[in-house]
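Shown next, in structure tokens, is the structure this report addresses.
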Amino acid sequence: MPSRLAPGDTAPAFTLTDDTGAEVTLGDLTGEAGPDGRVVVYFYPAAMTPGCTKQACDFSDSLDSLQAAGLTVVGISPDKPAKLATFREKEGLTIRLLSDPDKAVMQEWAAFGEKTMYGKTVQGVIRSTFVVGADGKVEVAQYNVKATGHVAKLRRDLGLA
């Protein structure tokens with residue numbers, strides 16, 4: 001497994017399918033964010049589970065203020081695009097959702113691997129959030145984040161509270 005990303009590292013490039021069936025690259029996202037914009041890339045275990053729903057809704061609820069600060073938000077899970085579309089519709093999500101069914105991107109970002117669940121060590125998605133600058137460098141790397149309250153903490157860390 002690759003070592004965890006840290007601020008200053010180059011963010012691993014990716015091309016994934018979104019919930020509409022379109023292909024999206026990290027370069028597309030940094031381009032959407034503008035010349036000074038940044039991208040929030042967060043990894044979550046599964047659509048339509050309580051914690052992941054809370055986190056996705058928090059990002060959607062904060063999207064206007066994040067965009068006003070030059071941030072584009074994308075969530076990545078192993079779910080297939082059709083399930084992500086259902087998730088978006090059911091919860092009224094406004095963030096873009098990407099599918100990584102073989103978990104290759106998650107592994108490159110060190111967001112998949114050993115974690116502890118209910119006292120047991122298991123292999124799975126490590127709930128993680130990154131901020132990538134327009135230059136493709138990682139500015140923020142947070143692993144093992146909590147679903148609840150995480151977006152508020154990220155906003156404080158970025159000086160947006």
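The values are calculated or read from the model by the stated rules, or taken from the named source; none is laboratory data. Quick caveat: nothing in here was measured; it's all calculated off a predicted structure. Virtual Cβ from ideal backbone geometry, glycine too; neighbours counted across all protein chains shown.
Data overview
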quantity: Residue identified as outside any strand (DSSP E or B), in contact (Cβ under 8 Å) with a residue 24 or more places away in the chain and of a type outside the set (Ser, Thr, Tyr) among 141, 134; calculated: 134
quantity: So residue 72, is it more than 22 Å from residue 30 (Cα to Cα) and of a type in the set (Ser, Thr, Tyr); calculated: no
quantity: Residue count, region 94-112 (criterion: in contact (Cβ under 8 Å) with a residue 24 or more places away in the chain, assigned to a helix (DSSP H, G or I) and either among the small types (Gly, Ala, Ser) or surrounded by fewer than 15 Cβ atoms within 10 Å (Cβ to Cβ) (or both)); calculated: 0
quantity: Cross-chain or 6+ apart pairs with Cβ under 6 Å, region 147-161 first and within 12 Å of residue 129 (Cβ to Cβ), then assigned to a helix (DSSP H, G or I) and at pLDDT below 85; calculated: 147/51
quantity: Answer from 71, 84 - the residue that is under 21 Å from residue 38 (Cβ atoms) and of a type in the set (A, V, I, L, M); calculated: 71
quantity: Candidate set: region 29-54, residues that are of a type in the set (Val, Ile, Thr) and modelled with pLDDT of 90 or more; chosen: the one nearest to residue 127 (Cα to Cα); calculated: 41
quantity: Test result for residue 13, surrounded by fewer than 15 Cβ atoms within 10 Å (Cβ to Cβ), aliphatic (A, V, I, L, M), in a loop (DSSP other than H, G, I, E, B) and touching a helix residue (DSSP H, G or I) at 6+ places or on another chain (Cβ under 8 Å); calculated: yes
quantity: Filter pass, residue 7 being surrounded by 12 or more Cβ atoms within 10 Å (Cβ to Cβ) and either modelled with pLDDT under 90 or farther than 26 Å from residue 149 by Cβ (or both); calculated: no
quantity: Selection from region 144-161 of residues that are in a helix (DSSP H, G or I) and among the small types (Gly, Ala, Ser); calculated: 152
quantity: Region 43-59: number of residues that are surrounded by 19 or more Cβ atoms within 10 Å (Cβ to Cβ) and touching a Leu at 6+ places or on another chain (Cβ under 9 Å); calculated: 3
quantity: Residue 115 vs. criteria among the basic types (Lys, Arg), closer than 25 Å to residue 12 by Cβ and free of Cβ contacts under 8 Å to residues at least 40 places away in the same chain; calculated: yes
quantity: Tabulated pairs, region 46-74, first over 22 Å from residue 101 (Cβ atoms), second buried (at least 21 other Cβ atoms within 10 Å of the Cβ) and aromatic (Phe, Trp, Tyr), C-beta under 9 angstrom, 6+ apart or interchain; calculated: 66/59
quantity: Region 61-93: number of residues that are crowded, with 19+ Cβ neighbours inside 10 Å, of a type in the set (Ser, Thr, Tyr) and farther than 23 Å from residue 135 by Cβ; calculated: 2
